[in-house]
Amino acid sequence: MLRQVLLALSHRPAIGARLERSGLTRGAVRRFVAGTDIPDVLAAVRALPPGCAAALTYLGENVATAEAAGAAAEVYRRTVREALAGGLSPSLSVKLTQLGLDLGDAVAVANARAILEEARRGGLFVRIDMEGSAYTDRTLALHETLAREFDNVGVAIQAYLYRSERDLDRLIQAGANVRLVKGAYREPPELAYPKKRDVDAAFLRLITQHFSALARGARGLCAVATHDPHMVAHAEAEAARLRLPRDRFEFQLLYGIGADLRDRLLAAGYRVRVLVPFGESWYGYFMRRLAERPANLLFVLRAALQGG
Ligand code: FDA
């Protein structure tokens, strides 16, 4: 119930603007968001433990003008250049609605291409995040278009959607690089499992589906993006059972969450990547993090009482 309320609030940016002005949430936001500018995010990447890879995401979604979409793409391109100049090789994680998907496919594709070209020149990978179900078909179609042109692009699949097993099959056949996640948006029961235990079971099945295909010789890579120790244990067990080489999959976590799990996986010799967000538009991202774990509300209150 609380999760639904928080997710509903995540679509009310005016509340975010008010919170920002009040300064009440600043301390809490900083747990999940590295800062506002490119130097902030690069500093956060440098502070990750040795051997831990990073994916950078410039916060923002559902932009309403072509100018805002182009500006977001430009920030990503600058991020690539500044990261490389600083000796870092992170991947990027982008949202198509931040690149103008609501203004039409052509706007989003043009911006995505500009980012992919810049990233490809530097040997960097770009992941397309999966957003709400209104965008699933278009996101997969645009990923398919871009993957014909670029070998440094991949996409995410959400275990809570009933359709995901079929989508993953298609991506496996195309040799795609896929990130598996549980899913972070508010979805109706006609499209997504309402119960957490069903989402978890679907996530386990997707891990086995992708790992088995990779072990049988499919091209591509699998990123298991979760902080759930049960999902991680399943991936470890399946990789061992299928003798899947460790360079065919990786674990991914969000900045500020699951540091113990991250360190255990690094110590065990797995590939690990942390997704590090930055930018001013933290509100939607932050509310989804609260919705995943309503106990985080206590953390917000504590930070507010301590003066941010
Ligand atoms: P679950 O929610 O069951 O949590 C397992 C445990 O992890 C919890 O018990 C808690 O200990 C810890 N935990 C989880 N969330 C926490 C939080 N917010 N604060 C503190 N602790 C927390 N979604 C999407 O729809 N599209 C996408 O493209 C992506 N991309 C993405 C990339 C990466 C790298 C990650 C890790 C996640 C995403 N997600 C996403 C988000 C994903 O769908 C999901 O909402 C979160 O990962 C939370 O689910 P868990 O798998 O961690 O399990």
- Query: Hey, among the residues in segment 86-135 that are under 21 Å from Ala71 (Cβ atoms), free of Cβ contacts under 8 Å to residues at least 12 places away in the same chain and among the hydrophobic types (A, V, I, L, M, F, W, C), which one's surrounded by the fewest Cβ atoms within 10 Å (Cβ to Cβ)?
  - Reply: Ala106
- Inspect all residues belonging to segment 290-306 and state whether any of them is open to solvent by less than 50 Å² (accessible area, probe 1.4 Å), touching a residue at least 40 places away in the same chain (Cβ under 8 Å), assigned to a helix (DSSP H, G or I) and farther than 25 Å from Arg186 by Cα. yes
- Filter result for the condition that a residue is open to solvent by 30 Å² or more (accessible area, probe 1.4 Å) and within 14 Å of the ligand (Cβ to nearest atom), over Ala237, Ala267, Ala233: Ala233
- Task: Scan segment 190-202 and report the pairs whose first residue is more than 17 Å from Arg166 (Cβ to Cβ) and whose second residue is within 12 Å of the ligand (Cβ to nearest atom) and open to solvent by 60 Å² or more (accessible area, probe 1.4 Å), with Cβ atoms within less than 7 Å and a gap of 6+ or a chain change.
- Result: Asp200/His230
- Message: Yes or no: segment 140-158 includes at least one residue that is more than 23 Å from Asp105 (Cα to Cα) and open to solvent by less than 10 Å² (accessible area, probe 1.4 Å).
- Response: no
- Message: Scan segment 191-209 and tell me whether some residue there is closer than 21 Å to Glu61 by Cβ, open to solvent by 10 Å² or more (accessible area, probe 1.4 Å), out of contact with any helix residue (DSSP H, G or I) (no Cβ under 6 Å at 6 or more places or on another chain) and aliphatic (A, V, I, L, M).
- Response: no
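The values are calculated or read from the model by the stated rules, or taken from the named source; none is laboratory data. From a predicted model like this one, the values you see are computed outputs, not experimental measurements. A quick note on method: Cβ atoms are made from the backbone with ideal geometry, for glycine too, and the neighbour counts reach across all protein chains shown. Remember, those area values only see protein heavy atoms, side chains included, never the ligands or the DNA or RNA. Shrake-Rupley method; radii C 1.70, N 1.55, O 1.52, S 1.80 Å.
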